[in-house]
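Enquirer: Got a structure for you, questions after.
The values are calculated or read from the model by the stated rules, or taken from the named source; none is laboratory data. Bear in mind the structure is a predicted one, so any value in this text is a computation, not a measurement. All Cβ positions, even for glycine, are placed from backbone atoms using ideal geometry, and neighbour counts span all protein chains on display. To get the accessible areas, we keep the full protein, side chains included, count just its heavy atoms, and leave off ligands, DNA and RNA. Shrake-Rupley method; radii C 1.70, N 1.55, O 1.52, S 1.80 Å.
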Amino acid sequence: MADLKTDVRYIRGIGEQRAKALQKLEIRTLRDLISYFPRAYEDRSVLREIRDLQDGETACVSAMVAAAPTLSHIRKGLDLVKLRAVDDRGVLDITYFNQAYLKDSLLPGETYLFYGKAEGSGRKWKMVNPVAEKEGAGLLCGRIVPIYSLTAGVTQNLLIKSITQGLTVCRDLLPDPLPDEVRQAHNLCHISYAYDHVHFPQSADTLAIARRRLVFEELFLLTLGLGRLRSRRTQAAARPCRADLGDFYAALPFTLTEAQQRAVGEVLEDMAKPRPMNRLVQGDVGSGKTMVAAAALLCAARSGLQAALMAPTSILAEQHYKGLGPLLESLGVRCALLTGATAAKTRRSILEQVRDGSIQVVIGTHALISADVVYHRLGLVVTDEQHRFGVDQRSALSEKGRVGEEQPHLLVMSATPIPRTLALIIYGDLDVSVIDQLPPGRQHISTSAVDGSYHPRIYDFLRREIGAGRQAYIICPMVEQEDGGMGDERKAVTEYAAYLQKEIFPELKVAFVHGKMKPKEKEAVMTAFAAGESRILVSTTVVEVGVDVPNASVIVIENAERFGLSQLHQLRGRVGRGSHKSYCILVSDNQNEETRERLKVMTRTGDGFRIAEEDLRLRGSGDFFGRRQHGLPAMKIADLSCDMSLLREAQEAARQLLAEDPELALPQHRVTRQRMEELFDEAAGALN
Ligand code: ADP
Ligand code: MG
């Protein structure tokens, strides 16, 4: 007997060959098959009489083939099948291009449903290449038909047939992960009804009922899983940290913003507990996350523990060290910098002092997790720019501080603002602090969106800015290839840089950097740019991560339509970091209305959270989940940009269930628990 893990090839009517095709869509098991949800629907349920057709409309008619279709071979590669179909009051002439087989499969005297675009008037109508199906078959016409995303070798027809078959096979063996009481309390339909109608709805209403249930289920299981991660974590122990930070605040050349104070408060409160902190601090570029980290580092050090701050690149680590080192030292805390570039001798001495505890705060890169680094009493781990680290790297550093059941506190800083509700989901088991305020007096970055015809003016503008002593970034266009993949970024960057150097700015030094360069080379280029040795830096998005060159005042982003809003915002944050008036120029020849709207959003606001919300509204949540590094299950049907209220309902239901049965150990929750574990295991597997 089949179960949901059954390979689709063993399902009657699918077989070896179709299974191979389906695999291209990642459909392997029966569950994959029935969970391959339509991306849209076409209403072919209403049957029209031929005479009532409207010119240009797409409609479904029921008509009898009046005479045997004729096949004519016009020339090589062009065959026409023509036929006439009639109903009581009208005539429909139908033409098929290059579908010769239809000549023999559409039989005179039989009635078919034809679905296509109608042209004509009065009694005489035409359709070209309509979908045709024998009346009564009820698969492709005469109902609401699902539209699936396809790939080469997989047609709508194949999917509709396979899924119909799949649903027939498993209808009675679908275990329901929603406990009965939850299903009833929230007015949700049965699982088999949901699967039937999400693929083949009888009406818009049954579709809504089906979809609501599936979205709820997805969000419910997600929340349950997160809740369990959280509770597992709160079972671990940590050293509580408490310290007086009065002199720290006094030593700062500014007062913390309210948002910073709030975040610091939340962090210190967490650290004072005998449970490990797991907190994400989210704040826009320049919102001052580093000071929140500084307070935490100091608090740990003063509580007799060591603290480590890990950044994704040496440049960032050095920047942090330059900024925080002197501040912390002045407050009596010993700091050191440890990166891949640290000389062997210095490194040995640092490792020794880290081991004996005389160095209290270490700032660095992945070097902090090398095998030979042994901490004395690591009590706090801070990672910056979280989206560049995998979950495993974060935990590798935490592991170094583990003593028995005790774990270090963890603070994660991310400069990718995302709407709060989404953050709670994406960062899953982390608590979230939001810094939604910039320090006073921040420069607004003047942003414009223009087309390619502006290049000469842009180059003139760059020349003027550079003449005034500034520097500029140019984010290089990437050529999209025919297969939809991106071209060779190395080639794109080097060629564009060479062109600019030779043809446009022969008098200036143009440097370039791209992701295919070795880390050492990259760093060298970035360091030279930071030191002002090169004036223009052509780059792919590798400058996205918090590089700080206060003297850079312009960023030009070519093919801006290629980037998501949040990414554009990150890129824009590379300028406006000094006292100079700064500019962001978005170049795009794309006329697509949605694209234009997206770019306009950038010119109107500098608020990263607003931008993230717009991004969510315009593109749906798929993208946030697309760049997955978080090890959470993918969302197959829920769209958090429009399913927010359902999310809250599902979260509430999950909380209630966990309150009743924290381990989901009751027999009536067995299926729920199994499904949740499956989802999270698959996702965790995908991370490795
Ligand atoms: P990010 O959140 O991007 O990491 P940083 O912590 O690097 O931001 O802070 C950006 C700049 O703002 C730094 O030069 C920092 O010294 C400064 N800064 C931070 N907090 C304040 C504040 N409350 N008032 C004024 N300047 C601040
Ligand atoms: Mg930062």
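Enquirer: Quick check on my filter: what residues within the stretch 461-472 are surrounded by 12 or more Cβ atoms within 10 Å (Cβ to Cβ) and either modelled with pLDDT under 95 or assigned to a helix (DSSP H, G or I) (or both)? Give the steps one after another, and end with the answer.
Expert: Taking the stretch 461-472 first, the residues surrounded by 12 or more Cβ atoms within 10 Å (Cβ to Cβ) are 461-463, 465-466, 470-472.
Listed by number, the residues that qualify are F461, L462, R463, E465, I466.
Enquirer: Something else: Which ones in the stretch 492-522 are open to solvent by 70 Å² or more (accessible area, probe 1.4 Å) and at pLDDT 85 or above?
Expert: To start, the set of residues in the stretch 492-522 that are open to solvent by 70 Å² or more (accessible area, probe 1.4 Å) comprises 495, 499, 502-503, 506-507, 509, 512, 516, 518-521.
Across the stretch 492-522, the qualifying residues are E495, Y499, K502, E503, P506, E507, K509, F512, E521.
Enquirer: Touching a Pro at 6+ places or on another chain (Cβ under 8 Å), open to solvent by 40 Å² or more (accessible area, probe 1.4 Å), free of Cβ contacts under 8 Å to residues at least 40 places away in the same chain and in a strand (DSSP E or B) - does that describe any residue in the stretch 81-89?
Expert: Within the stretch 81-89, one or more residues are touching a Pro at 6+ places or on another chain (Cβ under 8 Å), open to solvent by 40 Å² or more (accessible area, probe 1.4 Å), free of Cβ contacts under 8 Å to residues at least 40 places away in the same chain and in a strand (DSSP E or B).
Enquirer: A follow-up question, please. Kindly indicate the residue of the stretch 396-409 that is open to solvent by less than 10 Å² (accessible area, probe 1.4 Å) and at pLDDT 85 or above and also nearest to ligand 2 (Cβ to nearest atom) among those meeting that condition.
Expert: H409
Enquirer: Restricting to the stretch 663-683, name every residue that is modelled with pLDDT under 80 and open to solvent by less than 50 Å² (accessible area, probe 1.4 Å). Explain how you work it out, then say what you get.
Expert: Applying the first criterion (modelled with pLDDT under 80) to the stretch 663-683 yields 680-683.
Across the stretch 663-683, the qualifying residues are F680, A683.
Enquirer: Out of the stretch 177-188, which residues are in a loop (DSSP other than H, G, I, E, B) and open to solvent by 20 Å² or more (accessible area, probe 1.4 Å)? Step through it out loud before you land on a result.
Expert: Residues of the stretch 177-188 in a loop (DSSP other than H, G, I, E, B): 177-179, 186-188.
Selection gives H186, N187.
Enquirer: Of the residues that sit in the stretch 90-101 and are over 44 Å from the mean Cα position of the chain (by Cα) and of a type outside the set (V, I, T), which one is most open to solvent (accessible area, probe 1.4 Å)?
Expert: Only one residue tops the list, namely Y101.
Enquirer: So, one more: Say we look at the stretch 112-171 and pick out the residues that are assigned to a strand (DSSP E or B) and within 16 Å of P38 (Cα to Cα); which of these is nearest to the chain's Cα centre (by Cα)?
Expert: T151
Enquirer: Against the conditions (1) part of a loop (DSSP other than H, G, I, E, B); (2) away from ligand 2 (no atom under 16 Å from the Cβ); (3) in contact (Cβ under 8 Å) with a residue 40 or more places away in the chain; (4) not small (G, A, S), where does E266 fall short? Just the number, please.
Expert: E266 satisfies all of (1) part of a loop (DSSP other than H, G, I, E, B); (2) away from ligand 2 (no atom under 16 Å from the Cβ); (3) in contact (Cβ under 8 Å) with a residue 40 or more places away in the chain; (4) not small (G, A, S) except (1).
Enquirer: Now, a different point. Could you list, in sequence order, the residues of the stretch 229-263 that are surrounded by 20 or more Cβ atoms within 10 Å (Cβ to Cβ) and away from ligand 2 (no atom under 16 Å from the Cβ)?
Expert: Correct list: A238, R239, C241, F248.
Enquirer: Being more than 12 Å from ligand 2 (Cβ to nearest atom) and modelled with pLDDT of 90 or more is the requirement here; does M277 meet it?
Expert: Values: more than 12 Å from ligand 2 (Cβ to nearest atom): yes; modelled with pLDDT of 90 or more: yes.
Taking the combined requirement at face value, the residue satisfies it.
Enquirer: Determine whether L324 is within 13 Å of V361 (Cβ to Cβ), outside any helix (DSSP H, G or I), within 13 Å of ligand 1 (Cβ to nearest atom) and open to solvent by less than 20 Å² (accessible area, probe 1.4 Å). Let's see the steps before the verdict.
Expert: Details: within 13 Å of V361 (Cβ to Cβ): yes; outside any helix (DSSP H, G or I): no; within 13 Å of ligand 1 (Cβ to nearest atom): yes; open to solvent by less than 20 Å² (accessible area, probe 1.4 Å): yes.
When the stated conditions are applied, L324 does not pass them.
Enquirer: Can you tell me which residues in the stretch 293-320 are within 16 Å of ligand 2 (Cβ to nearest atom) and either at pLDDT below 95 or part of a loop (DSSP other than H, G, I, E, B) (or both)?
Expert: M310, A311, P312, T313, S314, I315, L316, A317, E318, Q319, H320, listed by residue number.
Enquirer: Read through the list (1) open to solvent by 20 Å² or more (accessible area, probe 1.4 Å); (2) under 30 Å from A63 (Cα atoms), then give the number of the only condition that H199 fails.
Expert: (1)
Enquirer: Which one of these does V333 not meet: (1) more than 13 Å from ligand 1 (Cβ to nearest atom); (2) outside the structural domain of V381 (by TED's automatic domain parsing); (3) among the hydrophobic types (A, V, I, L, M, F, W, C)?
Expert: It fails just one condition, (2).
Enquirer: Could you count how many residues in the stretch 321-339 are of a type in the set (A, V, I, L, M) and within 13 Å of ligand 2 (Cβ to nearest atom)? Walk me through it before giving the result.
Expert: Residues of the stretch 321-339 of a type in the set (A, V, I, L, M): 324, 327-328, 331, 333, 336-338.
Now narrow it down to the ones that are within 13 Å of ligand 2 (Cβ to nearest atom): 324.
Result for the stretch 321-339: 1.
Enquirer: Just to be sure before I move on: is G578 surrounded by fewer than 21 Cβ atoms within 10 Å (Cβ to Cβ), touching a strand residue (DSSP E or B) at 6+ places or on another chain (Cβ under 8 Å) and closer than 22 Å to S414 by Cα in the structure I sent?
Expert: Details: surrounded by fewer than 21 Cβ atoms within 10 Å (Cβ to Cβ): yes; touching a strand residue (DSSP E or B) at 6+ places or on another chain (Cβ under 8 Å): yes; closer than 22 Å to S414 by Cα: yes.
Yes: the conditions hold for G578.
Enquirer: Within the bounds of the stretch 54-66, is there any residue that is assigned to a loop (DSSP other than H, G, I, E, B), loosely packed, with under 15 Cβ neighbours inside 10 Å and polar (S, T, N, Q)?
Expert: The answer is yes, given that some residue of the stretch 54-66 is assigned to a loop (DSSP other than H, G, I, E, B), loosely packed, with under 15 Cβ neighbours inside 10 Å and polar (S, T, N, Q).
Enquirer: Between a residue in the stretch 519-533 that is under 11 Å from I315 (Cα atoms) and outside the structural domain of R470 (by TED's automatic domain parsing) and any residue that is open to solvent by less than 60 Å² (accessible area, probe 1.4 Å) and not aliphatic (A, V, I, L, M), which pairs come within a Cβ distance under 6 Å, given they are 6 or more apart or on different chains?
Expert: Pairs that qualify, where the first residue is under 11 Å from I315 (Cα atoms) and outside the structural domain of R470 (by TED's automatic domain parsing) and the partner is open to solvent by less than 60 Å² (accessible area, probe 1.4 Å) and not aliphatic (A, V, I, L, M): there are none.
Enquirer: Checking L305 against (1) within 10 Å of ligand 1 (Cβ to nearest atom); (2) more than 23 Å from F609 (Cα to Cα); (3) of a type outside the set (K, R), which test does it fail?
Expert: That leaves (1) as the condition not met.
Enquirer: State whether the residues of the stretch 269-285 include one that is open to solvent by 40 Å² or more (accessible area, probe 1.4 Å) and in contact (Cβ under 8 Å) with a residue 60 or more places away in the chain. Working first, answer last.
Expert: We begin by selecting, within the stretch 269-285, every residue open to solvent by 40 Å² or more (accessible area, probe 1.4 Å); these are 269, 273-275.
Add one more test, that the residue is in contact (Cβ under 8 Å) with a residue 60 or more places away in the chain, and what stays is none.
Looking for residues that are open to solvent by 40 Å² or more (accessible area, probe 1.4 Å) and in contact (Cβ under 8 Å) with a residue 60 or more places away in the chain, one finds none in the stretch 269-285, hence no.
Enquirer: Looking at (1) within 15 Å of ligand 1 (Cβ to nearest atom); (2) within 22 Å of L309 (Cβ to Cβ); (3) under 24 Å from the mean Cα position of the chain (by Cα); (4) modelled with pLDDT of 75 or more, which one does P439 not meet, given that it meets all the others?
Expert: For P439, the exception is condition (3).
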